[in-house]
Amino acid sequence: MSWFTRQPKGITTPTSEKKDAPEGLWYKTPSGKIIQTRELRSNCYVSPEDNYHVKIGSREYFEILFDDNQFTEIAAELTSADPLGFSDTKPYRQRLADSRQKTGLNDAARAAQGQMNGLDLVIACMDFEFIGGSMGSVVGEKVARAIDTALANRLPLLIISRSGGARMMEAGYSLMQLAKTSAKLAKLGEAGIPYISLLTDPTTGGVSASFAMLGDFNIAEPGALIGFAGPRVVRETIGKDLPKGFQTAEFVLEHGFLDFIVDRRQLKTRLTTLLKMLK
Amino acid sequence: MLLDFEKPIADLETKLAEMKKAATDNQIDMSVSIATIEEQIQALKIETYRKLTRWQRVQLSRHVDRPYTLDYIDYLATDFVELHGDRTVRDDKAMVGGFGTIDGQTFMLIGQQKGRNTKDRQFRNFGMANPEGYRKALRLMKLAEKFNKPIVTFIDTPGAFPGIEAEERGQAEAIARNLREMFMLRVPVICIIIGEGASGGALGIAIGDRVLMLENAWYSVISPENCSAILWRSWNYKEQAAEAMKPTATDMLAFKLIDGIIDEPLGGAHANKAAIAQTVKQTILDTYQELAKLTPDERIEQRIQKFASMGVYATV
C-alpha cells in the first residue's frame with residue numbers, strides 16, 4: 001500500500017450528495033449559512049442571508065408559480081423505455097427504476113397548465129435529480145406536448161431548464177430531442193405565442209443548445225451555471241484554469257445571451273408583469 | 001496510416017504488387033499466382049468489411065484518407081464559389097460553404113471541414129466549429145433561401161468546439177438557433193453525414209428533408225470515447241460505448257432517425273474516392289428531384305413532423 005494515492009478524476013460527487021430540495025429540519029448553504037427548511041420553503045428556497053438559490057425541481061417551482069399550487073399536469077404518464085437496451089456500469093433499466101424509486105418522479109421533466117396571478121399559462125420544468133435532468137425521449141416528448149398545449153390554447157409558455165444535457169443512454173434518440181423540441185418551438189414562434197425560457201443551475205449541453213436558448217425571453221436565476229460545454233470539458237480543452245465567474249448567469253448576461261437575471265422571490269411577479277404587457 | 005483490420009489486406013496487396021513487378025521484370029508468366037492472390041484479397045476484404053464492429057466503423061469514419069467536405073465539393077461541383085464569414089465576428093475555417101453547380105443545378109453546399117496534415121488540422125480546428133461557424137452556415141442557408149436554391153450540408157465533426165471564446169460567443173445559442181431556423185427554410189435541404197456526426201455540433205447543420213449517412217459514418221449524442229469517460233469514468237471502454245450507443249448508419253436507419261444510407265465502396269470511402277463521390281452526386285440529384293416535387297409548405301410540414309415523431313417512450 002503506497003502512502004501516496006492518485007486523486008480520482010472525473011465526476012467525483014457521489015449521487016447521494018447531489019441533493020435537490022432539502023429534507024430535514026435544517027439546511028446549510030454552500031457558504032455555510034444555516035436556515036430552517038420551513039423558513040427556506042416560505043422564502044422560495046432562497047437562503048435569506050446569502051441569497052443562495054437552492055436547487056429545486058418541478059414540485060417546488062409549480063408550488064411557487066401556480067396560484068394555490070393548482071395545475072393540470074400534461075402527459076404525466078410518460079416514462080422512459082430503453083430503446084437501445086443500453087448498459088454501462090449499470091443497465092439503463094436499473095438506473096431508471098432506481099431514479100423513479102429515489103425521486104418519486106417518472107422522468108426528468110414535468111409539464112402542467114394552470115394560472116399564475118390569474119394568467120393562464122403552460123409550464124414545463126426539468127428535474128435535475130432524475131439522472132442529472134438529462135433529456136431523453138420522455139423529456140423531449142413532454143416539452144413537445146407542453147408546446148402543443150400552449151399552441152392549441154394560445155397560452156404563453158414557460159420552460160424551466162436544469163439539465164446536464166442529452167441523456168447518453170438513449171444516444172441517437174436523445175440527440176434528436178434537440179431537433180424535436182426546436183421544431184415545435186419554430187411552430188410556436190410562427191403563431192406569435194410568447195415563450196419564456198428560465199435557465200437555472202445548471203443548464204448545459206443539449207438542453208442549452210436547443211429549447212433553453214430559444215426563448216423570446218431568455219432569463220436566468222442568479223449564479224446559475226449556463227453553457228454549451230461543461231466547465232470540466234472547457235478546462236481540459238484549453239489546458240488551464242477557467243476565469244472566475246466563467247459560465248455564470250451574470251457572465252452569460254454580460255455576453256448578450258440573457259435578457260435579465262431574476263431573483264426567485266421576484267420570479268412570479270416579474271413573469272406576470274412581462275406576460276401582461278404582451279397580452 | 002493503416003487501421004488494424006486494414007493491415008492483413010494491405011500485406012496481401014504488397015505481396016501482389018511485388019509479384020506483378022517480378023513477373024514484368026523477369027518476363028515470366030505468374031498469372032495463376034496473381035489471380036489467386038487477387039481472389040484472396042477480394043475474399044478477405046469481403047470477410048473483413050462485412051463483419052466490422054461498431055468501433056471499427058467509427059475508426060473508418062475518421063480514417064486519415066477519408067474524403068472530407070471540400071473533396072466532395074471539388075468532385076461534385078463544376079463551379080464553386082466559396083463564401084466566407086458570419087458578418088459578425090470572423091470567418092470560421094472549420095465550416096465551409098458556397099454556391100456550386102451540380103449537373104446544371106445550383107446548390108448551396110455547406111459542411112464542416114477537417115484538415116489532413118498537422119498544420120491543416122489546426123487551421124481547420126479539427127472540424128470543430130465555433131459559434132461563428134454555425135452563424136456562417138445559417139447566413140449561407142438564408143442566402144440560398146433568398147435565391148431559391150436547394151441546400152446540401154456535409155456533416156463531419158467530432159463536435160462543436162468547447163473553448164472559452166466559443167462559450168463567450170454563445171455556442172449553445174448558435175446551434176439552437178440553427179435547429180429552429182432550419183425547420184423553416186423554404187428550399188429543399190439534404191443533409192449527409194460523411195464521417196463523424198458528433199452531437200449538437202453535427203445536428204447544428206443537420207436538420208433536413210432528407211438526412212442520409214454514409215455506410216461507415218457514425219452519428220450520435222456523444223463520441224464513444226467521451227461516453228466511456230463519463231459513464232465508465234475511464235477512457236478504456238470506447239468499444240463497449242460504441243456497441244451500447246449504436247451510432248452506425250445501419251443502427252440509425254433502424255431507429256428511423258435518418259432517412260437512408262449511402263453505400264461505400266468495399267474498403268470504405270477512401271478506398272475509391274471517385275466511386276463514392278459519384279454515388280453521393282447521384283444521390284443528391286435523385287433526392288433533389290424528389291423534394292422539388294413538393295411545395296415549400298409541404299416540405300416544412302413534413303420536415304417538422306419527421307423530427308417531431310422521433311423518440312421512444314412508454315407509459316406508466
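Read-outs throughout are calculated quantities, based only on the coordinates presented, and are distinct from any laboratory measurement. All values reported here derive from a predicted model rather than from experimental measurement. No Cβ is skipped: glycine too gets one built from the backbone with ideal geometry, and neighbour counts run over all protein chains shown.
Order by neighbour count: B:Met19, B:Met310, fewest other Cβ atoms within 10 Å first, most last.
B:Met19, B:Met310
Of the candidates A:Ser163, A:Ser87, A:Ser134, which one comes out as most mobile in a Gaussian network treatment of chain A with C-alpha springs shorter than 10 Å?
A:Ser87
What shape does the stretch B:58-308 take by its C-alpha gyration tensor, where a ≥ b ≥ c are the square roots of the eigenvalues and a/c under 1.5 counts as rounded, a/b above b/c as prolate, and the rest as oblate? Write down the numbers at each step before the final one.
On the way: a/c = 1.33, a/b = 1.20, b/c = 1.11.
It is rounded, given that a/c, with a ≥ b ≥ c, falls under 1.5.
Could you work out which residue, out of B:Ser33, B:Ser220, B:Ser228, moves most in a Gaussian network model of chain B, that is, has the largest mean-square fluctuation with Cα springs under 10 Å?
B:Ser33
Normalised by the residues of the stretch B:93-189, what does the relative contact order come to in percent, with Cα pairs under 8 Å and at least six apart?
Values: 163 pairs, mean separation 29.8, N = 97.
Worked out over the stretch B:93-189, it gives 31 percent.
So what's the stretch A:55-278 giving for Cα Rg divided by 2.2 N^0.38 Å, two decimals?
So the stretch A:55-278 has a normalised radius of gyration of 0.98.
So what is the relative contact order of chain A, in percent, for Cα pairs below 8 Å that sit 6 or more residues apart? Numbers along the way, then the final one.
Working: 499 pairs, mean separation 36.5, N = 279.
Reported relative contact order: 13 percent.
When we measure straight from the Cα of B:Lys20, which lysines land under 25 angstrom away, once same-chain ones fewer than 8 places off are left out?
Hits, sequence-local ones excluded: B:Lys7, B:Lys45, B:Lys273.
In the structure displayed, which of B:Lys114/B:Lys149; B:Lys51/B:Lys238; B:Lys146/B:Lys293; A:Lys33/A:Lys55; A:Lys184/B:Lys256; B:Lys142/B:Lys281 lie more than 21 Å apart, Cα to Cα?
Values: B:Lys114/B:Lys149 26 Å; B:Lys51/B:Lys238 18 Å; B:Lys146/B:Lys293 19 Å; A:Lys33/A:Lys55 15 Å; A:Lys184/B:Lys256 19 Å; B:Lys142/B:Lys281 23 Å.
The answer is B:Lys114/B:Lys149; B:Lys142/B:Lys281.
Among the DSSP beta bridges whose two residues both lie in the protein assembly as shown, what percent are antiparallel, rounded to the nearest 5?
In the protein assembly as shown, DSSP labels about 45 percent of beta bridges as antiparallel.
Given Cβ point charges of +1 (Lys, Arg) and -1 (Asp, Glu) and nothing else, what value in debye, to the nearest 20, does the dipole of the stretch A:54-132 about its Cα centre take?
Value, rounded to 20: 400 debye.
Take every Cα pair under 8 Å in chain B that's 6+ residues apart, average their separations, divide by the length, and report that relative contact order as a whole percent.
The value is 15 percent.
Can you show me the helix-derived [θ] at 222 nm for the protein assembly as shown, built from DSSP H runs with n ≥ 4 at -39,500 (n - 2.57) apiece and divided by the number of residues, rounded to the nearest 500. Before the final figure, lay out the partial values.
Values: 23 runs with 245 residues, N = 595.
-12500 deg cm²/dmol, from helical runs alone.
Can you give the longest stretch of chain A with no exposed loop site, where a site means GluC sites (Glu not before Pro) in a DSSP loop (not H, G, I, E or B) with at most 14 other C-beta atoms within 10 Å?
Formally, the longest exposed-site-free interval is A:78-279.
Separation of the stretch B:36-57 and the stretch B:243-267 by C-alpha centroid, Å?
First find each Cα centre; the distance between them is then 19 Å.
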